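Here the structure is laid out as structure tokens; the discussion comes afterwards.
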Amino acid sequence: MNFMNTKNIFKISIFALAFITFITACKKNYDGPPVSTNPQLIVTTTIAQLKALHTVAGNYDLINTDVIISGVVIANDKSGNLYKELYIQDATGGLALELASNGLYTNYPVGKRLFVKCRGLYLSDYNNMIQLGVRAIINGSPSLEAIPTPLIPNYVIGGTLNNPVVPKIVQQSDLNNPTGVQTMHHPLVGDLIQLNDYEFLLGDTRKTYGDTSNYKKAGERYIKNCSGGTSIMVRTSGYADFAAQNPAIGNGSIAAILTVFSSTRQLILRDLSDVKFTGGRCNLFEEDFQASPTTGSSCLNLTGWKNIKETGDVCFTMASFGSSIFPKVSAFSSTTLATTNITSWLISPAINLPAGLSPKYTFTCARRYVAGTFTAYISTNYNGGATPSTATWTLLTTVPPGTAAAFTPFDLFGPFDLTAYAGQNVYLAFKYEALAGTAPSLVGTYEPDDMKITKN
């Protein structure tokens, strides 16, 4: 009897072990990554060849032949900066693929190869940005729309995962239109590109990437390179998960999808890991006043700056023209000018000029009317007090007055060689003066802007 019990127990143990092994094997297969292979489809057309079929901006071009393209996903909607849209890229270029589904990144991660059967789809463009989708009538007018969710599998077939996605390293000049090429057919539009030695404009680093209010307006921030080339827009949706972040203040490389709106080049970030601005900025010091307080009659109040009415009642305020914001000083509305000399200062924070460099200083200034003086100074011993005239100031330049007819342009002043100050902390100042009794209709108005100290 004991022998039989032992035998049964042995059989049960063998069965249990086999069952556990089977379950474990099943679990491992279930938890493992899905196996992906490319479908048995023959690619007939490159992305560049497909885009070339759309020759007239604003047209809707039906693809009525068995065109098949293939590309790797280079950008999706994971960060919220894209909406119902993917970008795919092959060796010839990139393309915006419109898909009417949320959470596209779950099925179409970056690095996944896609095959698109294009028969029945349309090519069109949104202000020169070529897109692939379906044609619909919206409010009586044709429109290119995203492929409806139930129809996506009819057109888009997934392939292998984890294909390499490497941005194309380009120069600013590469973004210009090649001779004879339409803007919408620029060979880099729709591609993942990388620009090196760039940084955000200083004023834009004090703003958020996007609009975080209820309006959710897209943010338009700009980057430039150290050679001072044309700035390029970085456009960010108010729904992006990084919309509330401030752009990095340093210099370095940036990867993004190159898009276009009309003739304006725009960069679309996939997420903040695309921005590697960790190095020092191009210039030792710069101030464009673009993130300064609201314009108006109130005295300018900018962190680290001194706005001092040494004599009289005139301070520097903020003004604007077009998209530019800048300081403004004028004794026109002074109530003490009749009997009191006006002396007003705008003084920068302390600026460190490293040893071994030959720094150069420039600024711009617009002005109008003739009475009074406006001068630029530098000091190494200003103590931050309300009587700056007690410090030692070295005159850099006297800005010539304007005329009564109209404001001058924002003329450039400098460069002023600051090599003698290398290895020291310095203060830069603008000083405005008007003599008591000057007629208000004659007293000068000055608008300095775009202060910059280069490294050499």
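The values are calculated or read from the model by the stated rules, or taken from the named source; none is laboratory data. Nothing here was measured: the structure is a model prediction, and the numbers come from that model. Don't worry about glycine lacking a Cβ; one is built from the backbone with ideal geometry, like all the others, and counts go over all protein chains shown. The area values use the complete protein model at the heavy-atom level, side chains included, leaving out ligands, DNA and RNA. Shrake-Rupley method; radii C 1.70, N 1.55, O 1.52, S 1.80 Å.
May I ask you to say which residue of 402, 372 is of a type in the set (Gly, Ala, Ser) and either open to solvent by less than 20 Å² (accessible area, probe 1.4 Å) or in contact with a His (Cβ under 7 Å, 6 or more places away or on another chain) (or both)?
402
Please specify each residue of segment 320-332 satisfying the condition of being farther than 16 Å from residue 300 by Cα and at pLDDT below 95.
The answer is 321, 322, 323.
Of the residues that sit in segment 51-93 and are among the aromatic types (Phe, Trp, Tyr) and closer than 21 Å to residue 185 by Cβ, which one is most open to solvent (accessible area, probe 1.4 Å)?
The qualifying residue most open to solvent (accessible area, probe 1.4 Å) is 60.
For segment 325-371, which positions are among the hydroxyl-bearing types (Ser, Thr, Tyr) and more than 19 Å from residue 430 (Cα to Cα)?
333, 335, 336, 339, 340, 358
Could you tell me how many of the residues in segment 311-345 are open to solvent by less than 10 Å² (accessible area, probe 1.4 Å), polar (S, T, N, Q) and more than 39 Å from the chain's Cα centre (by Cα)?
0
What are the residue pairs meeting all of these: first residue in segment 354-374, first residue more than 30 Å from residue 439 (Cβ to Cβ), second residue basic (Lys, Arg) and open to solvent by 50 Å² or more (accessible area, probe 1.4 Å), Cβ atoms under 6 Å, and 6 or more apart or on different chains?
Once the first residue is more than 30 Å from residue 439 (Cβ to Cβ) and sits in segment 354-374, its partners that are basic (Lys, Arg) and open to solvent by 50 Å² or more (accessible area, probe 1.4 Å) give 357/455; 362/452.
Among 356, 304, which is the only one that is open to solvent by 70 Å² or more (accessible area, probe 1.4 Å) and over 17 Å from residue 445 (Cα atoms)?
Within the list 356, 304, the selection yields 356.
What are the residues in segment 57-90 that are assigned to a loop (DSSP other than H, G, I, E, B) and either more than 25 Å from the chain's Cα centre (by Cα) or hydroxyl-bearing (Ser, Thr, Tyr) (or both), if any?
57, 58, 59, 60, 63, 64, 65, 66, 67, 79, 83
Here is a list of conditions, (1) β-branched (Val, Ile, Thr); (2) at pLDDT 95 or above; (3) over 28 Å from residue 103 (Cβ atoms), and residue 230 meets all of them except one; can you say which number that is?
The failed condition is (2).
Which of the residues belonging to segment 228-261 are open to solvent by less than 60 Å² (accessible area, probe 1.4 Å) and hydroxyl-bearing (Ser, Thr, Tyr)?
231, 236, 237, 253, 259, listed by residue number.
For segment 204-227, which positions are open to solvent by 50 Å² or more (accessible area, probe 1.4 Å), out of contact with any Cys (no Cβ under 8 Å at 6 or more places or on another chain) and part of a loop (DSSP other than H, G, I, E, B)?
Across segment 204-227, the qualifying residues are 207, 212, 214, 215, 216, 217, 227.
Quick check on segment 192-211. Is at least one of its residues β-branched (Val, Ile, Thr) and out of contact with any Pro (no Cβ under 9 Å at 6 or more places or on another chain)?
Checking segment 192-211: not a single residue is β-branched (Val, Ile, Thr) and out of contact with any Pro (no Cβ under 9 Å at 6 or more places or on another chain).
Which condition does residue 144 not pass, out of (1) more than 20 Å from residue 60 (Cβ to Cβ); (2) at pLDDT 95 or above, if it passes all the others?
Going through the list (1) more than 20 Å from residue 60 (Cβ to Cβ); (2) at pLDDT 95 or above, residue 144 breaks only (1).
Quick one: residue 277 ticks every box in (1) modelled with pLDDT of 95 or more; (2) open to solvent by 30 Å² or more (accessible area, probe 1.4 Å); (3) closer than 30 Å to residue 184 by Cα bar one, so which box is it?
The number of the failed condition is (2).
Name the pairs: first residue in segment 105-117 and open to solvent by 80 Å² or more (accessible area, probe 1.4 Å), second residue acidic (Asp, Glu), Cβ to Cβ under 7 Å, at least 6 apart or on different chains?
From residues that are open to solvent by 80 Å² or more (accessible area, probe 1.4 Å), the pairs are 105/77.
If you take the residues of segment 118-132 that are part of a loop (DSSP other than H, G, I, E, B) and closer than 17 Å to residue 153 by Cβ, which of them is most open to solvent (accessible area, probe 1.4 Å)?
So, considering only residues that are part of a loop (DSSP other than H, G, I, E, B) and closer than 17 Å to residue 153 by Cβ, the one most open to solvent (accessible area, probe 1.4 Å) is 119.
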